[in-house]
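Quick notes on the structure that follows.
The values are calculated or read from the model by the stated rules, or taken from the named source; none is laboratory data. The structure presented is a predicted model; accordingly, all values stated were derived computationally and were not measured. Positions of Cβ are generated from backbone atoms using ideal geometry, with glycine treated the same way; all protein chains shown enter the neighbour counts. Please note that ligands, DNA and RNA were not included when accessible areas were found on the heavy atoms of the full protein model with its side chains. Shrake-Rupley method; radii C 1.70, N 1.55, O 1.52, S 1.80 Å.
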Amino acid sequence: MGSAAKAVLDQAFTGRQELASGAGVLETRFGNTLPAQDKKVLSVTFAFTCTGNAKVAFTFTVDGKNVPTATHTGTCDASVIQQSLEIPAPGPVAFEADVTGSRSGAFAYAFYTEKKQIS
């Protein structure tokens, strides 16, 4: 389950460098951590989609620090939710999703390279 949701992201982000991804059935709470990236990666895009009409709220951390300006909420209606996350120094990037309402749907997420230092 989640393969249809993953296909939405694959189509929306064709040609972008994917750093990590995942998919599955909706749960009350889930998340994942992207390990520290190459020091040339300056920011990443987090992309998420889900089905089933539940509500989802995200929190993000970069190198263990909460990113309050990156809080997002959305509805699981197969639209894509994106969040840009600056990485001031190499460190892990994580998200947590809290789901309310029906959990009969599926989800997919991916982290993509957004900005990279050229040298």
Per residue solvent-accessible surface (Å²) - the chain, probe of 1.4 Å: 52
Roughly what angle does helix 3-12 make with the longest principal axis of the chain, taking Cα atoms, 0 to 90 degrees, to the nearest 10? 50
Counting only DSSP loop positions in region 17-54, the trypsin sites (Lys or Arg not before Pro) whose Cβ has at most 11 other Cβ atoms within 10 Å are LYS39
Expressed in angstrom, Rg and Dmax over the Cα atoms of the chain are 13.8, 48
Rounded to the nearest percent, how much of the accessible area of the chain (1.4 Å probe, protein heavy atoms only) is carbon and sulfur? 52
Across the chain, how many lysine pairs, 8 or more apart or on two chains, come within less than 19 Å at their alpha-carbon atoms? 6
